[in-house]
Structure formats: C-alpha cells, structure tokens
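I have placed the structure first, in the form of structure tokens, so that the comments after it can refer back to it.
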Amino acid sequence: MTPVGEDVKYVTVPGLQADAAWHWVAEAGNLVFTSGAVPHDESGDIGEDLSAGAQADRAFANLERALQAAGSSMDRIVKITGYLTDPESLPEIRTVRDKWIPKRPPSTFVYVAGLVDPRMLIEFEAIAVKS
C-alpha cells in the first residue's frame, strides 16, 4: 500500500497489470474505490472476438480481485458504473452483472464512443465498503 493522506491508501493488486501507471484501488476510511476494471487477462491481453458477455465476465473477475486486495468483496459494492460501447449489448451485460452482483446496488450504465483499446466493449468501476 502507498499512503496518500492520513486515511487514504492506494493498493497494488497482485496479478493485475503490475506495470500500470495507476493504482487499481484506493481506500479512504471504510470505503474502497476502484479504477475501471477491463476485460484483460493476467498478461494484459484482451483477446480477439470476445462477446460483450464474456468481456463483462472477465472484467467482473478483475473487479473482484481488486476489491479483495482492499479487504472488500463483490457483495459489499454500494455503487457500480459501467461504460459500454454498444447499446445493444446491455441485456447480455446485465445478465452477467446480476450473476456477479445479485444484490443490485445503485448502478449507472454510460454509452461511450470507445474505450482505451478498441477491442474493449465494457469497463466497470465500483465503490464498496470494506468487509
């Protein structure tokens, strides 16, 4: 952990882009804030031709890993934001989201023209409470 202020810390998440120019997680008191979780594997590759549902599943697995590194979990999410590049994929992504986050906390989906890698169809960020 890298201390920022008296009660703000950045957390490095093992297995998630160790060379990233940012931290995956910030802890502030009892709250956990994540960077956008994207559908890359441990090597940083997104792969080719993954469906929106498959990308969402992989992104949620990365999000779960980030939350666990900060002492939280998927069932402790209090707000989730999803960025989608294809409005037609929303039903498929909601199905995957409901598998990973069955409590249905407040959420926002935003349609965007594109994400940092043109193969990406989805990105999620979350706010959670520590366990």
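Where the accessible area of the chain is counted over protein heavy atoms with a 1.4 Å probe, how much of it, in %, is carbon and sulfur? Using a 1.4 Å probe with all protein chains present, the chain comes out at 53 percent carbon and sulfur.
Along segment 90-101 the Karplus relation, 6.51 cos²θ - 1.76 cosθ + 1.60 evaluated at θ = phi - 60°, assigns HN-Hα couplings of 4, x, 5, 5, 4, 4, 5, 4, 5, 5, 7, 10 Hz to successive residues, with x for each Gly and Pro. Each residue of segment 44-60 was assigned a 3J(HN,Hα) from its phi angle through the Karplus expression (A = 6.51, B = -1.76, C = 1.60, θ = phi - 60°), giving x, 8, 8, x, 10, 6, 7, 5, 4, x, 5, 5, 4, 4, 5, 5, 5 Hz with x at Gly and Pro. Inter-label distance, Glu88 to Ala21: 3.4 nm, where each label sits 7 Å from its Cα along the C-beta direction. Its DSSP H runs of at least 4 residues, each contributing -39,500 (n - 2.57), put the calculated 222 nm mean residue ellipticity of the chain at -7000 deg cm²/dmol, to the nearest 500.
In the full protein context, segment 1-115 carries 53 Å² of accessible surface per residue, based on a 1.4 Å probe and ignoring ligands, DNA and RNA. Legend: calculated FRET efficiency, Asp41 to Val116, from the Cβ-Cβ distance at R0 = 22 Å, rounded to 0.05, equals 0.90.
Per-peptide packing, taken as the mean over residues of other Cβ atoms within 10 Å, places 31-44, 110-123 in the sequence 31-44, 110-123 from highest down. Evaluated with a Cβ-only charge set (Lys, Arg +1; Asp, Glu -1), the chain carries a dipole of roughly 600 debye about its Cα centre, given to the nearest 20.
If you take the Cα centroid of segment 70-131 and the Cα centroid of segment 12-63, the two points sit 11 Å apart. Distance distribution note for segment 92-131: the fraction of Cα pairs above 17 angstrom is 41%. Computed from the C-beta positions of Thr95 and Thr12, the FRET efficiency with R₀ = 30 Å rounds to 0.40.
In summary, the lysines within cross-link reach of Lys103, defined as a Cα separation below 19 angstrom excluding same-chain residues under 8 places away, comprise Lys79, Lys130. Legend: translational diffusion of segment 32-131 by Stokes-Einstein, Rh = Kirkwood radius over C-alpha pairs, 37 °C, 0.692 mPa s; D = 246 µm²/s.
The values are calculated or read from the model by the stated rules, or taken from the named source; none is laboratory data. Just so it is clear, the structure is predicted and the values come from calculations on it, not from any experiment. Every residue, glycine as well, gets a Cβ built from its backbone with ideal geometry; the counts of neighbours run over all protein chains shown. With ligands, DNA and RNA removed, areas are computed over all heavy atoms of the protein, side chains included. Shrake-Rupley method; radii C 1.70, N 1.55, O 1.52, S 1.80 Å.
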